[in-house]
């Protein structure tokens, strides 16, 4: 346990620089985006009011009030989210491969630690999870910040103030990151975590058997997906609507647990018996 | 005692080890010599479970390797196993974090013996100093067995001498050492035992002193005999 | 363990826990911070509300939520258990009740209440399933999927059998399921396909009779059909029974409208209420013939109703529904609603009542008739999303039993919301 | 102290011989403390096990002795010391005789030459 925490800390610090850059980009871009979008709205509004000499009501009728929703639709807002997601997706592979292909072969050290090797796997997965949650938290903190920027820039008559919830519910993609209840939050990220574990196992297949391992890894991935969607497939095609929602939910939980256990068991086996430097 | 019993290993279709057996005693320096092939490193990797074997058995003091074994046996590969961005002190801290058998005092001693500056980053070290740090990380562990893969390869002569000195020092006193090399000259007087490998087989396993005493042959003589026949 | 060396990780972890934790703790409060939507009684007995459930949509800023309102209060979609939202649940309370009471029987049964029949002893499910087009036989396969649950024995017997001449139809939908003595009757609308070879007919209404014991198809009765529409004329059928009703019914009512090429009157007002129907018809067509057909489940006879002239004239503007042996004609006037019922058996007008809507201008009201009760939900056309009246009256006496308003109590005192009624249910 | 070892003779024997030379020439005095086997191995760059074996052998031959946990010392036994000296002289003479014998030179000529060379060497 102790060594596992040390490993997580170690892995965490290894990625910290890039991670801080990601956070920096997110903060800068989203604040900038709020300023730019608000500014653009002000320009458009000024144009209507002072160039086209519309009444305030007519201008509002045409342009509408601005809300944080409009800011979330800009590339300034979504761009950094996409960058963070893509970076973490790449990092999911990088976190393993750099130990083999880095300048120094750190994998020797990792595999020779006097602790169960599966701890290395858990530590890497935990690190990814920690990083994801960290970014999610930052994003959550950035919402009121961006909203405040909007409030500073736009007079109250021209804007609609949204609560954080309203901002989230008005934008589908954000609902994936921040579902409305804690249960769903747990479900979303549990699925995400399961995906990470399955990808890790596939990577370990590749690292154990190289070219052949890619095939094994893909098969394993397909197998995991099949198990996971099996209840839904049964529900949709084999026994249409046979299960009640709560049952389907329970089955999905079981399927998810099966996938996760299978991944961990397989990875443990590969790390113990098949991995090579 | 490390016992390697009939170990076979294939990479793809190529059989690298075709049934290798030998033993290495605690308190002795055993040298794996092979003139070609990857067999030596593969054996080393196999002993510390960094590569799976296809058949055979490897025992360390009578038991198969498990996670706790890494407090008892360590492997110093031919390249350093720490991250380039780490300073020497970070690498030492890492070892201290993860190994109960890490001996800080000994590490400091080796550090001054090798005249290394522990604030230096691994990436900035010379080749010779990198090898020394690599050695330091293994030697400062209170382990029973140390495996070294080609500790002398590609290093300047002075570093080589310093490293050779380690072998006669208390740093490896009473431990079992397995070392691989393709150049026996530097260490001929330092080793207890030679295992001659070729193409996946053990051609001959002998004690250096015995072969000198009984047959009046040097290690090179034996190698010449064995490899040329 | 040296805490100092872990501070970055600990800091990150703290930010995560604090931020996400705070967010979801607030969220759970926020969920309870949905407005309370209640009935505010103006007069009458609140107990009248017991059977009433209103399905509505609530909008506030960018928030859009489905909400159900009943006497107890309101339940927003987000306040439901997450798995129900995650996988969806039936919008019909009846079906939700069946799923609770007859859990295994209800497995695999999807669709609305029109597919069900329930009395004291049985629960019946009948649907027509599309089995696909077979390239070898060149036959489109439809099959009846019938399942009868004996409530006492908790036993069910089911069957799957082909729909006769299934190949002729483009689609088949089940409109009603009834049991008369030992017969099971399934009323369907069958849309003819181009393959049928019958160039004349567009759509048929069928009554399929099964033996309740054996579930064998005993009779296939074509009750009504309409010709294929063209440039000149166009016919349309609509089923008038309340398809939410699963209880025994005596009659099945079909309205038939024939429309022909003519000059469309530029009377905007007249079409406001029936906008949807007008849109369906080709341009410039007007109704030239409107009739109501009644199918008697007991006698298995189909007859056209001979309505008194005063009712006949109402057909165009009034909404029509049937309950037991009474047909209700509901005609909305300026500020009032006239309800006239016609007894199929006695062929007499049964009641004539006028209910005051309390306002001159209203949006199309939601009307529901259940037994002797008339449920009326009206929203003013000026302030559709906010000003909503609820009235419950006795049909037989015309007495107003309940009068009230739907009241939205916003937690943050905002008035920037809109509430739209989707439908009402009176079970 | 630096010794060049050949590769064909057992290193421990070469170590013993080295010690004997030192004793015979008086560079190691009777009763003198000698380095530990670890120090020796380090100085001579040989395997500590070999050094250990050399010490063990010397102990058996009575060249050195160890009291309890104290460092080993050179023997004070005159017999042994003389024997070492004699052994070295004999050994040298033997090898000399063997090679001279091979060239087939008369003894008197050899002796003269030896005398001359030996005196010259001592004068250097």
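The values are calculated or read from the model by the stated rules, or taken from the named source; none is laboratory data. None of these values were measured; they are calculated from a predicted model. Because the Cβ atoms are built from the backbone with ideal geometry, glycine has one as well, and the counts that use them run over all protein chains shown.
Yes or no: region C:347-361 includes at least one residue that is within 17 Å of residue C:310 (Cα to Cα), loosely packed, with under 15 Cβ neighbours inside 10 Å and free of Cβ contacts under 8 Å to residues at least 24 places away in the same chain.
Yes: one or more hits.
Looking at region D:89-122, which of the residues that are on the phi < 0 side of the Ramachandran plot and part of a loop (DSSP other than H, G, I, E, B) is surrounded by the fewest Cβ atoms within 10 Å (Cβ to Cβ)?
Among residues in region D:89-122 that are on the phi < 0 side of the Ramachandran plot and part of a loop (DSSP other than H, G, I, E, B), the one surrounded by the fewest Cβ atoms within 10 Å (Cβ to Cβ) is D:106.
Out of curiosity, is residue B:91 within 19 Å of residue B:151 (Cβ to Cβ), part of a loop (DSSP other than H, G, I, E, B) and within 14 Å of chain A (Cβ to nearest Cβ)?
In short, no.
In region A:176-187, what residues are over 15 Å from residue A:82 (Cα atoms), in a helix (DSSP H, G or I) and more than 7 Å from every other protein chain (Cβ to nearest Cβ)?
Hits for region A:176-187 are A:186, A:187.
Looking for something more than 14 Å from every other protein chain (Cβ to nearest Cβ) and surrounded by 11 or more Cβ atoms within 10 Å (Cβ to Cβ) - is there at least one such residue anywhere in region D:35-54?
Within region D:35-54 (the criterion being more than 14 Å from every other protein chain (Cβ to nearest Cβ) and surrounded by 11 or more Cβ atoms within 10 Å (Cβ to Cβ)), the answer is no, since none of the residues qualifies.
Restricting to region C:57-81, what's the tally of residues that are part of a loop (DSSP other than H, G, I, E, B), surrounded by fewer than 18 Cβ atoms within 10 Å (Cβ to Cβ) and touching a helix residue (DSSP H, G or I) at 6+ places or on another chain (Cβ under 7 Å)?
The number of residues fulfilling the criteria is 1.
Report yes if residue D:21 is exposed (fewer than 13 other Cβ atoms within 10 Å of the Cβ), more than 14 Å from every other protein chain (Cβ to nearest Cβ), assigned to a helix (DSSP H, G or I) and within 14 Å of the chain's Cα centre (by Cα), otherwise no.
no
Tell me which of these residue B:70 doesn't satisfy, since it passes every other one: (1) loosely packed, with under 15 Cβ neighbours inside 10 Å; (2) in a helix (DSSP H, G or I).
(1)
Residues in region A:1-21: is at least one without any contact (Cβ under 8 Å) to a residue 12 or more places away in the chain, within 14 Å of chain C (Cβ to nearest Cβ) and under 23 Å from residue A:163 (Cβ atoms)?
Checked region A:1-21: no residue is without any contact (Cβ under 8 Å) to a residue 12 or more places away in the chain, within 14 Å of chain C (Cβ to nearest Cβ) and under 23 Å from residue A:163 (Cβ atoms).
Yes/no matrix, rows are residues, columns are (1) modelled with pLDDT under 95; (2) within 13 Å of another protein chain (Cβ to nearest Cβ); (3) within 22 Å of residue A:115 (Cβ to Cβ):
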residue	(1), (2), (3)
B:79	yes, yes, no
B:82	yes, yes, yes
B:85	yes, yes, no
B:97	yes, yes, yes
B:111	yes, no, no
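Which of (1) in a loop (DSSP other than H, G, I, E, B); (2) within 25 Å of residue C:425 (Cα to Cα) is the odd one out, the single condition residue C:306 does not satisfy?
(2)
Could you check residue D:3 against (1) more than 14 Å from chain B (Cβ to nearest Cβ); (2) part of a loop (DSSP other than H, G, I, E, B); (3) within 13 Å of the chain's Cα centre (by Cα) and say which number it fails?
(1)
What residue, of A:198, A:225, A:234, is out of contact with any helix residue (DSSP H, G or I) (no Cβ under 7 Å at 6 or more places or on another chain), at pLDDT 95 or above and either more than 30 Å from residue B:43 (Cβ to Cβ) or within 14 Å of chain C (Cβ to nearest Cβ) (or both)?
Selected residue: A:225, the only one of A:198, A:225, A:234 that is out of contact with any helix residue (DSSP H, G or I) (no Cβ under 7 Å at 6 or more places or on another chain), at pLDDT 95 or above and either more than 30 Å from residue B:43 (Cβ to Cβ) or within 14 Å of chain C (Cβ to nearest Cβ) (or both).
Please go through region B:144-159 and give me each residue that is without any contact (Cβ under 8 Å) to a residue 60 or more places away in the chain and within 15 Å of the chain's Cα centre (by Cα), ordered by number.
Within region B:144-159, just B:152 meets the criteria.
Could you list, in sequence order, the residues of region C:110-150 that are closer than 11 Å to residue C:95 by Cα and surrounded by fewer than 20 Cβ atoms within 10 Å (Cβ to Cβ)?
Passing the criteria: C:110, C:111, C:112.
Quick one: which strands (runs of 3 or more DSSP E) lie wholly within region C:154-204 and hold at least 2 residues that are touching a helix residue (DSSP H, G or I) at 6+ places or on another chain (Cβ under 9 Å)?
C:169-180, C:183-192
Within region C:1-56, how many residues are surrounded by 16 or more Cβ atoms within 10 Å (Cβ to Cβ), closer than 30 Å to residue A:126 by Cβ and under 46 Å from the mean Cα position of the chain (by Cα)?
The number of residues fulfilling the criteria is 5.
Can you find even one residue in region D:80-87 that is surrounded by 14 or more Cβ atoms within 10 Å (Cβ to Cβ), within 14 Å of chain B (Cβ to nearest Cβ) and in a helix (DSSP H, G or I)?
Taking every residue of region D:80-87 in turn, none turns out to be surrounded by 14 or more Cβ atoms within 10 Å (Cβ to Cβ), within 14 Å of chain B (Cβ to nearest Cβ) and in a helix (DSSP H, G or I).
Considering only region A:54-80, how many residues are within 27 Å of the chain's Cα centre (by Cα), in contact (Cβ under 8 Å) with a residue 60 or more places away in the chain and either within 14 Å of chain B (Cβ to nearest Cβ) or surrounded by 20 or more Cβ atoms within 10 Å (Cβ to Cβ) (or both)?
Qualifying residue count, region A:54-80: 5.
Search region C:23-52 for residues being more than 9 Å from every other protein chain (Cβ to nearest Cβ) and in a helix (DSSP H, G or I), and hand back the single one that is farthest from residue C:390 (Cα to Cα).
Result: C:29.
Could you count how many residues in region A:120-168 are surrounded by fewer than 22 Cβ atoms within 10 Å (Cβ to Cβ), away from chain C (no Cβ under 11 Å) and either under 24 Å from the mean Cα position of the chain (by Cα) or assigned to a helix (DSSP H, G or I) (or both)?
11
From the list C:161, C:192, C:184, exactly one residue is modelled with pLDDT of 85 or more and over 23 Å from residue C:117 (Cα atoms). Which is it?
C:192
State whether the residues of region A:31-48 include one that is within 19 Å of the chain's Cα centre (by Cα), touching a residue at least 60 places away in the same chain (Cβ under 8 Å) and more than 14 Å from every other protein chain (Cβ to nearest Cβ).
Checked region A:31-48: no residue is within 19 Å of the chain's Cα centre (by Cα), touching a residue at least 60 places away in the same chain (Cβ under 8 Å) and more than 14 Å from every other protein chain (Cβ to nearest Cβ).
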